[in-house]
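Following: one structure in structure tokens, then a few remarks.
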């Protein structure tokens, strides 16, 4: 039994509720309250991890109440191995971002701090909700809810061309969201068996069958929403402007956490429910993934804006994650989940470091104006070095473990994609070392002030670096807990893919090779799946 | 797994101590550097490596007490990655081969640490240097002690990172940071090779543990496609790390690092990791003779190539760097010709004499005021620097494999084995002899140009008792150093005036002279006995050249070395104008060799420029289309269309249409919901 058993419905609402309370307090108290709430949220997540036995699986802390019974929508929450560490990542990075935002000296603090922390809290509630939702409609609600606080956070507290950036961001995301909404409704309706009741519960949807013809458009709509959110090439048009405009604590969350909700959706929603489409469109997704990896890496080493170096490298890293997911292999999926966590850690740390670097380069985030500060800022140089090496997935870093598993998964059946992706590993070394050197080494520019990193920045970054180092030594902490729930999500799609493309190598029991393609027959599924009438 | 024995800890405990001591040194120096007064960081760093060496000896002694067949011990700390069919422990393998490497690495590292205490004594990055250096030793030990392929890759990448950090140690120099990034990226290419090889090994043999994989590979038929591919990919890793063609271009540039780094990482230890890798995976290579032949051919090409470049290069440290590339070519040829103990023997003697040569070079460069490394600016240092002269000459003699010095026995053992393989290997053996002649020539070219001839002003000044000092400059560009941050240090140190430097060089000089006695054909077989039974499963263990062949080889090698030295003497001391006129007459060949066969320029055209162009194209063209024209601006931009739409909705008729559309969508949704109900 857990030591503390707070229902998830309360747990996820706390950040927003605290933000509301903060509105009534003096600005300074509101900042401290936000900080305490973020810390408490993270502390509770540590209990959740401690409570989850290695090798375990299944939903915990389940809340399952009827919400809109007429439409079959339930208020269904739960944490399993797949979402556990994404919830943990969210809580940790929110804490880091809140530390940096709340503790900065008064003269550099945000205007309207109470409103800022309210939006930050609402955003955390939405993200946590998306990670723990077990009902598709609820997932869609939380997924769209994320847009609102980020719209205000970028639009009101942003820098430079924030209006244009916000508009692009909103248009992209809205188009994706609307497509997903339509797809969710269509999915719920089309998969309802004759005489059965409509349901949006994810486990129920995974049980129901849908013809491949119906799955494909639904898959494409979901994929569009998730790929925009991540983003992957060529859905990244909003990224440069939004990354340049967002205030740094917000950018930390945008890049490190929000991007994960998109790719998480593939594992939570798409693969278990639409396995036939996933197999049919596997090549397409792999091409997008590999293209993103190469394109992101190449652009990352031709950028001068530090934020965009990290931004484009994120496109490449998310490409790796999608590659791992759509390799439809156990190791690939495991690597993808692990990479979600590790990429979140390094991206967050890098953006916090960029804040520190800009503070030493006369406020500029241009690489050309940085440099030469390693001698007088050895602590900053050291943490930056560790994070850089982790970002380029140096063996020994946690990111390497994720990348290794992803590549192994890709090599298994799709070796060409795996080999092309391997090229990008070398490119990552180029852009990260270049970034590190231009910011730290060479001679100091005229506007550069070499001084050590401040305590506030350090308080935000050091915990992340500690987690990065810890996971580098003992990645099994995560892998042992994500293993079963992750592989279960892709199981069906993997068997379908294995049955058609590599039958003799791994004959899965009960699956007829090529069965799914025989016209007029229902798709052959695993024996446990109850067959149902197909809707036209 | 092991009950704690009553009196002496088992070898694996010592091996863990070997591994952890330098790590402790790294962490302590990194965290407490501000609290360490004076040169304490250097003493601390040296102490941990020295203790690590002692622990290595205890591990060896413990291993010797075991029966030969029980000398392969695995110790596992915890599961590192365990998912599906992949199960990787944080485990070390203690066997004679790993202990051999441990002793060479920690022994040489200890001496170079001691040397650095003086050599970098006045550098402002003193503590940082020792933290990095200890980290390097830890990484190298992880590489050689790893019990499975994944951990090997981790150590492999860590040494690459340490190498990068130390190459760009004087990071205010653009030349140093450029060299660093080059070394890092080429090493990552090698890492990728190993990762793909690891996948193939897992796929074919079912495990990434060394012992399990080596057991499983016995069942695999010779020439199995997957195993051949895996071996070729292992070679990619080995070539990248060991500076072999075509991945060697980073190693000469790596001389940007402080000279002790060149001695330790880029000569004695890290760059020989490729040789260790092939020896470690010998059960796989013996199943894939085609891959082994590829390795042997490339090793031979490299040893010839690098010898020709060393012949004409004028930068003292780069000459030694090319000679390292060449000597590693010999080792690769050896282990790929299945002469494992000969390869490891040469690895050991090379570590001694090459570290010694670099230490001597460091001393000479210091005497020039750290401003220049060109041998054109050197000469006549014999009288002013007698200790450096003596030790450098010993090192050069061992490199030239003059009879009875250490390199003589090890190099010629490799060549004898190569001839014994016959067929293709006979050709490779002849090439190896040709390069041996060149080696003797360029080794003594260095000695004669640096220590003999007209003394340069700095040498005369030094003979008068004064060390030249003109403020540090970048030797490559002549750019003045930023003394404000003190890189490199404001003072410089020569062996004659520094006890730690002498204390490090003297033992190495001794070993460079006598190190060969452990394996003299017909008399001793120290290396082979030491390595028993690592290679016991090898089919080639008994297929060895008879003593007569080996002794003939030694005689030929000795004669060639003497001819080479004599030729160098003739060219540089007896007829000083000869080299210049030959250079003029063969200007084309000279330029080809001097520019290292133009490979750098070729890679620049093939890889560097195209990827830069791709980046530019992406940034200016593709992004403009996606981000600016199609989305943001232009007549059809999405944002523009969106804002126009929004304006129309607010102001005009469009509002009604939009409302209608929305209602339509809702009606459609409602219809589906009702129809399903």
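The values are calculated or read from the model by the stated rules, or taken from the named source; none is laboratory data. Predicted model only: the values in this text are computed from it and were never measured. Cβ: placed from backbone, ideal geometry, glycine included. Neighbour counts: every protein chain shown.
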Inset, instruction - Please go through region A:50-70 and pick out each residue that is surrounded by 16 or more Cβ atoms within 10 Å (Cβ to Cβ) and assigned to a helix (DSSP H, G or I). - result: A:51
Legend entry - Test result for residue A:362, at positive phi and more than 12 Å from chain B (Cβ to nearest Cβ): yes
Inset, instruction - Name the residue, out of A:389, A:357, that is crowded, with 24+ Cβ neighbours inside 10 Å, away from chain B (no Cβ under 12 Å), at negative phi and part of a helix (DSSP H, G or I). - result: A:357
Legend entry - Qualifying position, being at pLDDT 90 or above and in contact with a strand residue (DSSP E or B) (Cβ under 8 Å, 6 or more places away or on another chain), among B:232, B:277, B:202: B:202
Legend entry - Identity of the residue in region B:58-89, in a loop (DSSP other than H, G, I, E, B) and under 30 Å from residue A:401 (Cβ atoms), that ends up nearest to the other protein chains (Cβ to nearest Cβ): B:84
Legend entry - Leading residue by the ranking (modelled with the highest pLDDT) among those in region A:403-420 that are more than 10 Å from chain B (Cβ to nearest Cβ) and assigned to a helix (DSSP H, G or I): A:406
Legend entry - Candidates B:98, B:46, B:75, B:91, filtered to the one that is closer than 30 Å to residue A:332 by Cβ and assigned by TED's automatic domain parsing to the domain that holds residue B:352: B:91
Inset, instruction - Look through region B:584-596, keep the residues that are part of a helix (DSSP H, G or I) and without any contact (Cβ under 8 Å) to a residue 12 or more places away in the chain, and return whichever of them is nearest to the chain's Cα centre (by Cα). - result: B:592
Inset, instruction - For region A:463-476, name all the residues that are in contact (Cβ under 8 Å) with a residue 40 or more places away in the chain and more than 10 Å from chain B (Cβ to nearest Cβ). - result: A:463, A:464, A:465, A:467, A:468, A:469, A:471
Inset, instruction - Using the structure shown, decide if residue B:18 is in the same structural domain as residue B:132 (by TED's automatic domain parsing), assigned to a helix (DSSP H, G or I) and under 23 Å from residue B:531 (Cα atoms). - result: yes
Inset, instruction - Among the candidates B:208, B:202, single out the residue that is within 14 Å of chain A (Cβ to nearest Cβ), under 24 Å from residue A:401 (Cβ atoms) and touching a helix residue (DSSP H, G or I) at 6+ places or on another chain (Cβ under 6 Å). - result: B:208
Inset, instruction - Go through the residues of region A:370-382 one by one and say whether even a single one is farther than 25 Å from residue A:279 by Cβ, surrounded by fewer than 24 Cβ atoms within 10 Å (Cβ to Cβ), free of Cβ contacts under 8 Å to residues at least 40 places away in the same chain and more than 13 Å from chain B (Cβ to nearest Cβ). - result: no
Inset, instruction - Filter region B:475-497 down to the residues that are surrounded by fewer than 20 Cβ atoms within 10 Å (Cβ to Cβ) and under 19 Å from residue B:361 (Cβ atoms), then identify the one that is modelled with the lowest pLDDT. - result: B:476
Inset, instruction - Look at residue A:430 and say whether it is assigned to a helix (DSSP H, G or I), at pLDDT 85 or above, more than 10 Å from chain B (Cβ to nearest Cβ) and surrounded by fewer than 24 Cβ atoms within 10 Å (Cβ to Cβ). - result: no
Legend entry - Boolean, residue B:519 is under 20 Å from residue B:342 (Cα atoms), modelled with pLDDT of 70 or more and crowded, with 22+ Cβ neighbours inside 10 Å: yes
Inset, instruction - Test each condition in (1) in contact (Cβ under 8 Å) with a residue 60 or more places away in the chain; (2) within 15 Å of the chain's Cα centre (by Cα); (3) surrounded by fewer than 24 Cβ atoms within 10 Å (Cβ to Cβ) for residue A:114 and report the one that comes out false. - result: (2)
Inset, instruction - For residue A:223, indicate whether it is in contact with a helix residue (DSSP H, G or I) (Cβ under 6 Å, 6 or more places away or on another chain) and either closer than 15 Å to residue A:177 by Cα or without any contact (Cβ under 8 Å) to a residue 60 or more places away in the chain (or both). - result: no
Legend entry - Where residue A:224 falls short, out of the listed (1) surrounded by fewer than 20 Cβ atoms within 10 Å (Cβ to Cβ); (2) facing another protein chain (nearest Cβ under 10 Å): (2)
Inset, instruction - Could you grab me the full set of residues in region B:147-168 that are over 14 Å from the mean Cα position of the chain (by Cα) and away from every other protein chain (no Cβ under 11 Å)? - result: B:147, B:148
Inset, instruction - Filter region A:433-443 down to residues that are on the phi < 0 side of the Ramachandran plot and at the interface with chain B (Cβ under 8 Å from one of its Cβ atoms) and give me whichever is modelled with the lowest pLDDT. - result: A:443
Inset, instruction - Using the structure shown, decide if residue A:287 is within 14 Å of chain B (Cβ to nearest Cβ), over 15 Å from the mean Cα position of the chain (by Cα), modelled with pLDDT of 90 or more and assigned to a helix (DSSP H, G or I). - result: no
